[in-house]
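These notes are about the structure you will find just below.
Bear in mind that the values in this text are calculations on the coordinates, not laboratory data. Every value quoted in this text rests on a predicted model; they were computed, and no experiment measured them. Neighbour counts are summed over all protein chains in view; Cβ atoms, including those assigned to glycine, are modelled from backbone coordinates with ideal geometry.
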Amino acid sequence: MAQSQIRFTDGAAYDRMMGAWSRLAAEVFIDWLAPRPGWRWVDIGCGSGAFTGRLFERCAPAEVQGVDPSEAQLAFARQQHAGRAAQFHRGDAMALPFPENRFDAAVMALVIFFVPDPQKGVAEMVRVVAPGGIVGAYAWDMVSGGYPGEPLRAEMKALGIDLPRAPSVGASRIEAMRELWTEAGLHAVETREITVSRTFADFEDFWSTTLLASAIGPTVAALPTGDVERLRERVRERLPADRAGRITYDGRANAVKGRVPA
């Protein structure tokens, strides 16, 4: 089966599946960044605005500018954050629509593996952040099974079902992130792992939620009914439930941060 491009066309669906996971990881990431109130932020690949929301709830920002290539995602983000000091722009992570030294912090939340040229994306973050400011990112460890949809991905692979692949999966490795930040000239570069857990009411809750992933849902929908049922049972076997029928599953992300030289 030929692979196709991953497309994000439903902001609400993305927010229910990946936005919820992103907010869990954001809690740990923001604590680690230790930001000060009043910073000016740019959220690159802001998607549904999941991370943007955590910035307002946790960081008392002076402003947040979000950039994303998907109009559907941006429309959802604008609706969710109406009345806040946030603006959302359609744009490219490798060519940000801002002047140099514009922000105190630039972040990519679950984005770097979608950037065709991660080195250029990091360079753009550095360009728009003022001296002494912070540049950070976190991304699911796609190479080592940290993606929250891994139970489906692994079983689909075992059945010979191809999934769309992000263009820069290797950039999610912690060593690759450290190298990108160091080569961009950032100082005080640090990395860490972030592991978060999410509990689903039952297997059906896990299944229907995970099918909202842009790389998984359309692929499963195109399968013959028998193949879908076989996949469901294989995934169910990987995810034992507790006595109440609930399923708790982990996602694991790699994170990096560094400062623009003063």
- Item | the stretch 192-262 shape via C-alpha gyration tensor axes, a/c threshold 1.5 | oblate
- At 222 nm, what helix-only mean residue ellipticity would the chain give, in deg cm²/dmol to the nearest 500, using -39500 (n - 2.57) for each DSSP H run of four or more? -10500 deg cm²/dmol
- Relative contact order for the stretch 10-168 using alpha-carbon pairs under 8 Å, separation at least 6, rounded to a whole percent? 21
- Item | Protection proxy ranking, peptides 221-234, 95-108, average beta carbon neighbours within 10 Å, highest first | 95-108, 221-234
- Of Cys59, Val220, Phe29, whose Cα points farthest to the positive end of the dipole of the chain (charges on the beta-carbon: +1 Lys, Arg; -1 Asp, Glu; origin at the Cα centre)? Cys59
- Query: Restricting to the stretch 45-151, what percent of DSSP beta bridges are antiparallel, rounded to 5?
  - Reply: 10
- Message: Quick check on the chain: of the DSSP beta bridges with both residues there, what percent are antiparallel, nearest 5%?
- Response: 50
- Which of the peptides 244-250, 14-20 is most tightly packed, and how do the rest follow, judged by the mean count of other Cβ atoms within 10 Å per residue? 14-20, 244-250
- Item | Listed peptides 163-176, 38-51, 60-73, 81-94 by packing density, highest first (mean Cβ within 10 Å) | 38-51, 60-73, 163-176, 81-94
